[in-house]
Amino acid sequence: MPVLWWVLGAAILVPFLNFLIGVRPPTFQTDDNPASYGLRYESVTFQTSDGLTLHG
């Protein structure tokens, strides 16, 4: 009987966790840039048609 509860718990918990990760995926920030790996790059900034400024 305890095995049944573990199976039912996993059948409910796994899809729920999958949903949470899909809705709010984990994010992280890093200070790395291509120069950290010996690569050349150019910093670019431009504005979108709706006024949002993108840079990278």
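The values are calculated or read from the model by the stated rules, or taken from the named source; none is laboratory data. Owing to the predicted nature of the structure, the values given are computational and were not obtained by experimental measurement. Backbone-built Cβ (ideal geometry, glycine too); neighbour counts: all protein chains shown.
For the range 33-45, filtered to residues that are under 12 Å from GLY56 (Cβ atoms) and at pLDDT 85 or above, the residue that is nearest to the chain's Cα centre (by Cα) is PRO34.
Only one entry of LEU13, LEU4 meets the criterion of being in a helix (DSSP H, G or I), surrounded by 10 or more Cβ atoms within 10 Å (Cβ to Cβ) and either modelled with pLDDT under 90 or among the aliphatic types (A, V, I, L, M) (or both), and that entry is LEU13.
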